[in-house]
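The values are calculated or read from the model by the stated rules, or taken from the named source; none is laboratory data. Here the structure is a predicted model, which is why all the values come from computation and not from measurement. Cβ placement follows ideal geometry from the backbone for every residue including glycine, while neighbour counts extend to all protein chains displayed. We work out accessible area using only protein heavy atoms, side chains counted, and drop any ligands, DNA or RNA first. Shrake-Rupley method; radii C 1.70, N 1.55, O 1.52, S 1.80 Å.
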Amino acid sequence: MVTFEIDGQQVQVEEGEPIIKGAEKLGIKIPTLCHCEWLEPYGACRVCTVEVVMGKRHRMVTACNYPAREGLRVLTQSERAVAARRMVLEMQLARCSTVPIIQELAREHGIEKSRFGEGTETCIMCGLCVRICSELVGAHALCFGQRGTERFISTPFQREGEEGPCIACGACVDVCPTGHIWMEDLSARKGQPQDFYLGPKSAIAIPTQQAVPKAPRIDPDACIYLQTRGCSICQQVCEPEAVDLSQHDEEFEIEVGQILTTTGFQLFDPRKMSQYGYGRLDNVLTSLEFEMMLNSTGPTGGKVLMKNGQVPRAIGILHCIGSRDENHHAYCSRVCCMYAMKFAHLVKDRSDAEVYQFYIDMEAYGKGYHEFYSRILAEDVNVIRGKAAEVTEQMWGDEAEGVLHIRCEDTLVGKFRDIPVDMVVLCCAIEPQSDLGNMAHILGLTRSPDGFLLERHPKLDPIGTNTDGIYIAGTCQGPKDIPDTVAQAQAAAARILALIAKGKVLIDPIKASIDAEHCSGCRMCNSLCPYQAITFDEEEEVSVVNDTLCKGCGTCVAACPSGAIRGAGFTDNQILAELEGILI
Amino acid sequence: MAVKRLHLMVCAGTGCVSNKSMEVKAALETEIEKHGLAAEVDVIPTGCNGFCGVGPILLVQPDGIFYQQLRPRDIPHLVEEHLLKGRPVQRHLYTPPGEKGTIPLMSDIPFFHAQVLIALRNRGMIDPEKIEDYIAREGYQAAAKALTTMSPQEVLDVVKASGLRGRGGGGFPTGIKWESTKRAPSENGTRWVICNADEGDPGAFMDRSIIEGDPHSVLEGMIIGAYAIGATRGFIYVRQEYPLALKRFMIALNQARESGLLGEDILGTGFSFDIEVHRGAGAFVCGESTALMASLEGNVGEPRAKYIHTVERGLWNMPSCLNNVETWANVPPIILHGAEWFTQLGTGDVSENPWGGSKGTKVFSLAGKINNTGLVEVPMGITLREIVFDIGGGIANGKRLKSVQTGGPSGGCLPEELLDLEVDFDTLTAAGSMMGSGGMLVMDEDDCMVDFARFYIDFLMAESCGKCTPCREGLRNMNMILQRICDGKGQEGDIELLEEISACMIDAALCALGTSAPNPVLSTIKYFREEYEEHIREGKCRAGVCKALITYKVDADKCSGCTLCARACPVNAITGETKKLHVIDPNVCDRCGACYDACTFDAIIRV
Amino acid sequence: MPVEVSEAQVHEIVERWQRSESFVIEMLQDVQHEARHLPRSALEQISREVGVPMTRLYHLATFFKAFSLEPRGEHMVQVCVGSACHVKGAPRLVHACERHLGIKSGETTADGKFSLEPVRCLGCCGLAAVLTIDDELHGHVTSANVERLLKRFQKQEKKAEVT
Amino acid sequence: MARLSVQSLNALRDQLQAERAGREGKCRATVIVHMGTCGISAGARQVMTALLGALEERGIADVAVSSSGCAGMCSREPMATVQRPGEAPVKYADLDEKKIVRVLDEHVIGGSIVKEYALAMGSERAG
């Protein structure tokens, strides 16, 4: 802390803090135009010029960035300080004679009219907008241009109608002291802009309209604070102080008896199949994005709209993106055909767009499913058997506008076709979560060759795993639709409840045991046990078998270098006797 | 290498090159070849000699004969007469203005005679692209001495004791700056040394000359500085308008690296240091230290408040020691010869107080209406009169001196009465001007002081970064007022208004560009107030410069009717037949002055 | 001489300066040298490859006098308007150049051959007034002899084109 | 160039300084060979070549060799003037390649005038 004096009053501030902090504490008003507590001091407007005295030395400094020093004397109303401030304001008034804040400040300093003319400029070059945009928001949409008296503020190249990196956060409008910057009402513009498009653009938003709880969340990849420690404006502006950016991930240990694994799936990334143009071409969507659009509480209110805000004239729905494909996933994702038909039905219901389905086989089994297929056929949905080969951007007839083209072989007709559409929906494969292997390792589960978790028995125990007490349900086990998932989950719940109700666990008699006398404490068995049933007792320095987890597989028995582990019912003599019996 | 009997030092400074000195060099080589003298005579391109007004320059050593204003066609005769027969060619020798006799020896020419060379110690004596030439003239001896026989603190102490002050303009004691940089806390011990070679002052070209003529002396200075401060990396920021300087730096850097004078383990002493060169891109404000550092970081050159000094937090927030070219070039001789040797020259006493005087020499660029334009290095404390009249040869064309402007756009105009001022950092500042980087512009009675103030304000208006209000708006308004005075529309009270704006800029502008910007205006008001008043009250420009206040006329006695003026006039305002008096129609004339420049009989007059 | 710069050239320039942020001014200078201006596409590429926001590049490109967003002429005529040249008649020299080339300061002739630019001190004050045509410096120029100088240059230029 | 150490820097400096002594205008003596038309026809060119050759052979760099026009006594050419700082110049006449080398060794380097070849003390004025 340093103690110093402003206009004869003593005040204390943290070391390194500017004079203006002390003035705020004392309630002494030092006018500023370019100062903002959320931004680094800039010292450009010079309205806060004050006189400081240190010993015999007098100096003119700006209060917004001059660090307070012990024993400093600050004079905010000295003759020199007032004269400098007056002249700065008079010159600002000459530049911006119509700006209220300048008029007001000038009047406070006894200036009614500038001797240098009456300019009609409204920007005072405080730079607050540029600084908040780059320092705090991190959008880098605004900048200065030129230098000297030619200096101006704009977006790069000053092109009208180009949003560029602007995220329309409004921070610049908020800080602008003169009203030089304002928000444009984009809804009035013909053709909705991309802002409504699928999902939030801001780092802090309520994920979906149906989110539970309905509270904003911060996207750590987009949050400037979490990326660079730069911003923290949400925390500063939140009045109930609900935002705490200092929070971070924490780990909790909870003891449980049984575990149900329901980690779900992830969607195949269609960028891997660049021929379909996802991420490169506008209006190529994944099935999940399209689902979001169709949602009546979604970003478009359930309307099917292209990026330019217009209603598409035709939509192509491509099945089997990443599934039934030797290059990616050989399996069928099981649900795509049905939801693709649902898409077609909803599009037909809500617009006049043509719909084209491109399929390999139509997998419409199950109760009422095939009937639905017949229904969409009756709704004049074009169903083309043949996997789409590529999506390109081309002209549509004589129109210069870029439109998507789907090239495919119609195997029923035996012809190549080239179908123009406005929008393409990719039915991407259901695939295991990318970190599922990691989780399987933690839980000691195994995975089938397709990467999903392996059940204990495909027919007799589709919810159990090789480890007692750990169950699986839903798409972490394999692709399945909602009814199947619900059925499996309920079965798992029943199993868990049954065990809880019983209160006891019955275990197989076949299990391994460790002779503590002979155990050398090498821990070799610990990592070998596929059920993680062996732990090391640090006090006794021997390995110990958890009887409830041990399945009696014998791996540890075979591996133990000191022969300290025995399988119950499988002593060496017993095994040798069995071998003899086989051989004789 | 065979010993040559004659060394022809051809000036290859920018000034002489533009006067075709390279063609002179080629002609010399052809002639020497023709006479079979190639084995005996060496032709060496050297850096700028400083006497740019009389270029191209040739110095014949060891005879010491100085030739000036040579043209390629003069060479065959010169080679035959001087190189073969040993007779210096009279008509190419230097003739002092207004005199008849020639001065054959360079050392006898007054322009060179009064100079004391420290920063320019190698000028005209070495080929700047050859490190060998530099080494032959004790080059890198100071670095070797510092690195092997002195501790960093000892080096620092010598520089401090020498009283060397920053040659870039501010006059801050170099030793103190080095010490602060050395002492400033740095987390990982990183410190930088930076060379400011962004010579932005119009009318100043000493840094250009040093780099182009002797780049190694700057590198050596930086090596010594880095050693004293504990820096491992150096930066040089060169103006982009100086392509030759950049090239010379790059050549010198490569040679120094190859010779183990830069890079790892310099001279086998274990000290490592290397230098990186950056190009400026055309901005006067980048001569300001914080703007220069911002530019080095790849940012726009906008200054920031220096309440925390750059020696503590400069480039990338690390302690940074920035000195200009001339300062660095002064360091090696100081280390080599000691602080006392340096303090023998100059004014004041720096043994107690580093601000107590100005020691050593200063390089000035003499330009304007003076006979001997060029670069001179003189001891501090020399009077303006000595510089202008003894070295500079007085005012050209028999006109009267009106003012000497020093310090570029940040300096001021001094009147004739102050000619006996002893030039050093403090006297110039006290007189309302400043040393600046050493530009010295001499003006005669044909120069209008109001117009000249307006010129500088106009310059600064375009070169200010525009960040802070006093500088941006102050210059805009000053320019507006000065313009209206020059246009004959000045009002009573304009002078006071200019002074009021100046006071605000001095007190409230962010950086030195802004706080010193009013100097040209204030100093001209102080010493030439009557000229302002004449403009405002009488609508008169006594120097005949301000367009709106003058008319061009033909002097009937002098006009020979050559029609040159009529042909030069872009608006056809001049009429007249061959060999008859010409007349300017004042209603058509747009006062461009083309006729004035074109007339060879002085028949066009400005009233 | 080209007024465009290819993506590969810009990439090469970025690599030459090790993609380093502190060398963006050098990169812009090299692009300016290649294309005689800073094409928007090149700025966008540098922004992408070096990771510097476009806002900064735009400010740099307009702040420094060495850069131009519009193509400059094939030949640069730079008239020094520094103080020493000012007192030796630089303003009249600029007017004479404007008249002869038929353009204003800072403009480029319609055929794209010449650009006229006043510059602040070329550091040859001993030779004032001076101007440069491309990199060649001419000293002691007056408004009377500048026309001849420019004409001679234009004639040489034509000859060079024919051969 | 190889990387330098402090010792090799000093050695290099000494060598380079010796080579460049003439450039500095520092020399222990000046030898002017008179090379007017008369002198050249009498063999002044050969005298000059011999002198330069001898200087190089001896590794001497700080002797300035210069030429001048006719000294006026065409009958006694080739002639040369030797001037040591602080001493009066000495003119030698009727020189040849061998004599000039002797003059170099005895007078220029050794400091004692070779009386047999000497014509006079003093010199004509240049120009």
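Quick one: compute the contact order of chain D, relative version, from alpha carbon pairs under 8 angstrom and 6+ residues apart, as a percent.
The value is 25 percent.
Enter the accessible area per residue of chain C (Å², integer; probe 1.4 Å; all protein chains in place).
In whole numbers, chain C has 42 Å² accessible per residue.
So what J values fall out for segment C:49-54 if you push phi through Karplus, 6.51 cos²θ - 1.76 cosθ + 1.60 with θ = phi - 60°, rounded to Hz, Gly and Pro as x?
The phi angles translate into 6, 8, x, 10, x, 4 Hz.
Where in segment A:406-473 are there trypsin sites (Lys or Arg not before Pro) that are in a DSSP coil and have at most 15 other Cβ atoms within 10 angstrom of their Cβ?
For trypsin sites (Lys or Arg not before Pro) across segment A:406-473 that sit outside H, G, I, E and B with at most 15 neighbouring Cβ atoms in 10 Å, the list reads A:Lys459.
Can you tell me the relative contact order of chain A? Whole percent, Cα pairs under 8 Å, sequence separation 6 or more.
Result for chain A is 8 percent.
Kindly sort B:Phe249, B:Phe389 by accessible area of their heavy atoms, largest first, with the probe set to 1.4 Å.
B:Phe389, B:Phe249
In nm, give the distance between the simple-model label positions of B:Asp265 and A:Leu576, each being 7 Å from the Cα along the Cα-to-Cβ direction.
Going from the B:Asp265 label point to the A:Leu576 one covers 7.0 nm.
May I ask what percent, to the nearest 5, of DSSP beta bridges between residues of chain B are antiparallel?
The antiparallel proportion sits near 55 percent.
What residues have an amide H closer than 5 Å to that of A:Ala314, excluding those fewer than 5 places away on the same chain, when H is modeled at 1.01 Å from N in the peptide plane?
Amide H neighbours of A:Ala314: A:Glu354, A:Asp422, A:Met423.
Using unit Cβ charges (K, R positive; D, E negative) and no other charged atoms, how large, in debye to the nearest 20, is the dipole of chain A about its Cα centre?
1680 debye
Between the helical axis of D:44-58 and the dominant principal axis of chain D, each derived from Cα atoms, what acute angle in degrees is found, rounded to the nearest 10?
Its long axis makes an angle of about 30 degrees.
Looking only at other chains, what is the average number of their beta-carbon atoms within 10 angstrom of each beta-carbon in C:85-95?
6
Taking the Cα centre of each part, how many Å lie between segment D:1-36 and segment A:522-584?
Answer, in whole Å: 91.
Subtracting the Cα-Cα distance from 0.36 nm times the residue separation, let me have the gained length for A:Met439 to A:Leu499 in nm, one decimal.
19.2 nm
Hey, got the average number of other protein chain Cβ atoms within 10 angstrom for residues in B:590-597?
Counting Cβ atoms of other protein chains within 10 Å of each residue's Cβ and averaging gives 5.
Inside 10 Å of the C-beta atoms of A:109-119, what's the mean count of C-beta atoms belonging to other chains?
The per-residue average across the peptide is 2.
Evaluate the charge dipole of chain D about its Cα centre and quote only its size in Debye, nearest 20, assuming +1 on the Cβ of each Lys and Arg and -1 on the Cβ of each Asp and Glu.
Dipole about the Cα centre, nearest 20: 280 debye.
Calculate the spin-label point distance for C:Gln156 paired with A:Arg385, positioning each point 7 Å from the Cα along the beta-carbon direction, and give it in nanometres.
Calculated label separation equals 8.0 nm.
Can you give the Rg/Rh ratio of chain A, where Rg is from the C-alpha atoms and Rh is the Kirkwood radius?
1.14
Over its Cα atoms, what ratio of radius of gyration to 2.2 N^0.38 Å does the protein assembly as shown give? The partial results should precede the final answer.
On the way: Rg = 43.1 Å, N = 1481, 2.2 N^0.38 = 35.3 Å.
My calculation over the Cα atoms of the protein assembly as shown gives 1.22.
Excluding residues fewer than 8 places away in the same chain, name every one of the lysines whose C-alpha is closer than 23 Å to that of A:Lys387.
Cross-link targets: A:Lys272, A:Lys342, A:Lys348, A:Lys415, A:Lys480.
log₁₀ I(q)/I(0) of segment B:268-362 at q = 0.10, 0.14, 0.17, 0.25 Å⁻¹, via Debye over equal Cα point scatterers, no solvent, to two decimals?
So the normalised log intensities work out to -0.41, -0.76, -0.97, -1.19.
In whole Hz, with x marking every Gly and Pro, tabulate ³J(HN,Hα) for segment B:543-548 from phi via Karplus 6.51 cos²θ - 1.76 cosθ + 1.60, θ = phi - 60°.
Once rounded to whole Hz, the list reads 8, x, 10, 6, 3, 5.
What are the DSSP H helices in chain A that stretch 18 Å or more along their long axis, judged by alpha-carbon atoms, and whose average Kyte-Doolittle hydropathy comes to at least 0.0? Write down the numbers at each step before the final one.
Numbers: long enough: A:79-95 (24 Å, -0.09); A:336-350 (21 Å, 0.19); A:482-502 (30 Å, 0.88).
Answer set is A:336-350, A:482-502.
Roughly how large, in nm² to one decimal, is the mean projection of the convex hull of the alpha-carbon atoms in segment A:310-394?
6.3 nm²
Taking the mean number of other Cβ atoms within 10 Å as a proxy for protection, how do you rank A:140-146, A:379-385 from highest to lowest?
Listed from highest to lowest mean packing, they are A:140-146, A:379-385.
Using R₀ = 45 Å, calculate the FRET efficiency as 1/(1 + (r/R₀)^6) where r is the Cβ-Cβ separation of B:Arg257 and C:Asp111; round to 0.05.
FRET efficiency, B:Arg257 to C:Asp111: 0.50.
Grab the alpha carbons of segment D:6-121, take their convex hull, and tell me the volume per residue in Å³.
102 Å³
Working from Cα positions, state the angle (0 to 90°, nearest 10) between the long axis of helix D:6-19 and the longest principal axis of chain D.
Rounded to the nearest ten degrees, it is 10.
Compare the peptides A:462-470, A:117-125, B:436-444 by average per-residue count of other Cβ atoms within 10 angstrom and give them in order, highest first. Could you put the intermediate results ahead of the total?
On the way: A:462-470: 19.1, A:117-125: 16.7, B:436-444: 27.7.
The peptides rank, most packed first, as B:436-444, A:462-470, A:117-125.
Compute, for segment B:1-122, the length of the dipole vector about the Cα centre, with Cβ point charges of +1 (Lys, Arg) and -1 (Asp, Glu) only. Units Debye, rounded to 20.
Result for segment B:1-122 is approximately 120 debye, rounded to the nearest 20.
Among C:Val10, C:Pro118, C:His140, flag the residue with its Cα farthest along the positive direction of the charge dipole of chain C, charges on Cβ as +1 for Lys/Arg and -1 for Asp/Glu.
Positive-end residue among those listed: C:His140.
Looking at this model, which pairs from B:Lys25/C:Lys155; B:Lys160/B:Lys362; B:Lys20/C:Lys155 are more than 24 angstrom apart at the alpha-carbon? If you can, show how the numbers build up before the last one.
Working: B:Lys25/C:Lys155 26 Å; B:Lys160/B:Lys362 18 Å; B:Lys20/C:Lys155 20 Å.
The pairs that break the limit, which is 24 Å between Cα atoms, are B:Lys25/C:Lys155.
How much mean residue ellipticity at 222 nm does the protein assembly as shown get from its helices, if each DSSP H run of length 4 or more adds -39500 (n - 2.57) and you divide by all residues, to the nearest 500 deg cm²/dmol?
Dividing the helical sum by the residues of the protein assembly as shown leaves -9000 deg cm²/dmol.
Starting from the amide H of C:Ala129, placed 1.01 Å from N in the peptide plane, find each other amide H under 5 Å away whose residue is 5 or more places distant or on another chain.
Those lying under 5 Å, H to H, from C:Ala129 are C:His140, C:Val141.
What are the residues whose amide H is under 5 Å from the amide H of A:Ile259, where those residues sit 5 or more places off or on another chain and H is modelled from the backbone?
Residues meeting the amide H criterion: A:Ile470, A:Tyr471.
Note down the relative contact order for chain B as a percent, whole number, built from C-alpha pairs under 8 angstrom at least six residues apart.
11 percent.
Could you run the Karplus curve 6.51 cos²θ - 1.76 cosθ + 1.60 with θ = phi - 60° over segment B:555-562 and give me ³J(HN,Hα) per residue in whole Hz, x for Gly and Pro?
7, 4, 6, 9, 5, 9, x, 7
Within chain B, which DSSP H helices have Cα atoms that stretch 20 Å or more along the helix axis and a mean Kyte-Doolittle hydropathy of at least -0.5?
B:215-229, B:243-258, B:449-463, B:469-486, B:494-508
Can you find, among B:Pro415, B:Met440, B:Ile457, the residue farthest towards the positive end of the dipole of segment B:412-481? Put +1 on the C-beta of Lys and Arg, -1 on that of Asp and Glu.
Of the options given, the answer is B:Ile457.
For the protein assembly as shown, with all protein chains present and a 1.4 Å probe, just round the carbon and sulfur fraction of the accessible area to a whole percent.
In the protein assembly as shown, the share of accessible area belonging to carbon and sulfur is 51 percent.
What is the distance, in nm, between label points placed 7 Å from the Cα along the Cα-to-Cβ direction at D:Gln46 and at A:Phe252?
Modelled inter-label distance: 11.4 nm.
Evaluate 2.2 N^0.38 Å with N set to the residue count of segment B:551-606, then give the Cα radius of gyration divided by it.
That works out to 0.93 for segment B:551-606.
Going by average Cβ density within 10 Å per residue, which order do the peptides A:538-546, B:133-141, B:453-461, B:305-313 take, highest to lowest?
So the order, starting with the most tightly packed, is B:453-461, B:133-141, B:305-313, A:538-546.
Please list, or write none, the lysines whose alpha carbon is within less than 30 Å of the alpha carbon of D:Lys115, excluding same-chain residues fewer than 8 places away.
Partners within reach: B:Lys4, B:Lys85, D:Lys26, D:Lys91, D:Lys98, D:Lys99.
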